[in-house]
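Worksheet: one structure, shown below.
Derivation of every value follows stated rules applied to the coordinates shown; laboratory data play no part. Keep in mind that this is a model prediction, so the values were computed, not measured. Note that each Cβ is placed from the backbone with ideal geometry, even for glycine, and that neighbours are counted across all protein chains shown.
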Amino acid sequence: MSQIPPHEPRDDRQFRSSKRHRRAGTEPLTARSDLGLRTILSTAALVVFGLATAGFAWWAASSSKDSSTSSSVLGVLAAVCGVLLLVAVLDLAVIRRRRSGQRG
């Protein structure tokens with residue numbers, strides 16, 4: 001029987017022969033997934049950039065020619081917020097796919 005040094009905890013998952021579960025990196029055995037935090041941040045970004053996109057689009061549509069802020073600048077801000085909204089939606093889709101892969 002082989003002896004395991006005291007500084008290396010024995011984890012039966014590490015010794016499985018499945019190629020899918022082999023460790024390739026230097027992460028610790030007790031590493032946790034960051035998907036929970038990413039879900040919270042992406043959901044917050046979804047709300048913030050959704051409201052910002054709608055607000056800037058409404059402001060651009062209701063601004064007149066003699067306004068202090070031109071409608072083209074507000075349209076660009078709405079477009080930038082819309083792109084960031086799309087990034088948040090795509091990140092949530094990736095998170096959902098990765099979580100379904102962990103369960104299966």
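List the trypsin sites (Lys or Arg not before Pro) within segment 18-97 that DSSP assigns to loop and that have no more than 15 neighbouring Cβ atoms inside 10 Å.
Those satisfying the criteria are Lys19, Arg20, Arg22, Arg23, Arg32, Lys65.
Using 0.36 nm times the number of residues separating Val76 and Thr39, minus their current alpha carbon distance, what extension gain do you get?
Separation in residues times 0.36 nm, less the Cα-Cα distance, equals 10.6 nm.
Using θ = phi - 60° and the Karplus relation 6.51 cos²θ - 1.76 cosθ + 1.60, list the HN-Hα couplings for segment 57-72 in order, rounded to whole Hz, with x at every Gly or Pro.
5, 5, 5, 5, 6, 9, 7, 9, 5, 9, 6, 5, 10, 6, 5, 5
Output wanted: per-residue J couplings in Hz (rounded whole) for segment 76-88, from phi through Karplus 6.51 cos²θ - 1.76 cosθ + 1.60, θ = phi - 60°, x for Gly and Pro.
Result, rounded to whole Hz: 5, 4, 5, 5, 5, 5, x, 5, 5, 5, 5, 4, 5.
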